[in-house]
Amino acid sequence: MSELTATASCTAYAAVVEASGEVVPQPLVARRVAWLAALASDLTARLVAARVESG
């Protein structure tokens, strides 16, 4: 099995709650992005581990 790494860079300058039009402060956007990145990382690690175990 070979290693594959994919990256995409971007900067979130602002966010808006679509339903209300409320502007989301940048620190909150950063926390939400960090949470989502950690979630994706954890799910990917679990998926890879399950594939390795099933051989």
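Helix 26-54 versus the longest principal axis of the chain: what angle, 0 to 90°, nearest 10, using Cα atoms? With rounding to tens, the tilt is 10 degrees.
In this structure the chain gives 95 Å² per residue of accessible area when probed at 1.4 Å with all protein chains present. Once you list every other residue whose beta carbon is under 14 Å from the beta carbon of V52, what net charge do they have if Lys and Arg are +1 and Asp and Glu are -1? Charge balance near V52 sits at 0. Carbon-plus-sulfur accessible fraction, the chain (probe radius 1.4 Å, protein heavy atoms only): 61%. Our compactness index for the chain, the C-alpha radius of gyration over the empirical 2.2 N^0.38 Å, is 1.61.
The values are calculated or read from the model by the stated rules, or taken from the named source; none is laboratory data. The structure presented is a predicted model; accordingly, all values stated were derived computationally and were not measured. Cβ sites come from the backbone with ideal geometry, for glycine too, and all protein chains shown count toward neighbours. Note: accessible area is taken over every heavy atom of the protein model, side chains too, but ligands, DNA and RNA are not part of it. Shrake-Rupley method; radii C 1.70, N 1.55, O 1.52, S 1.80 Å.
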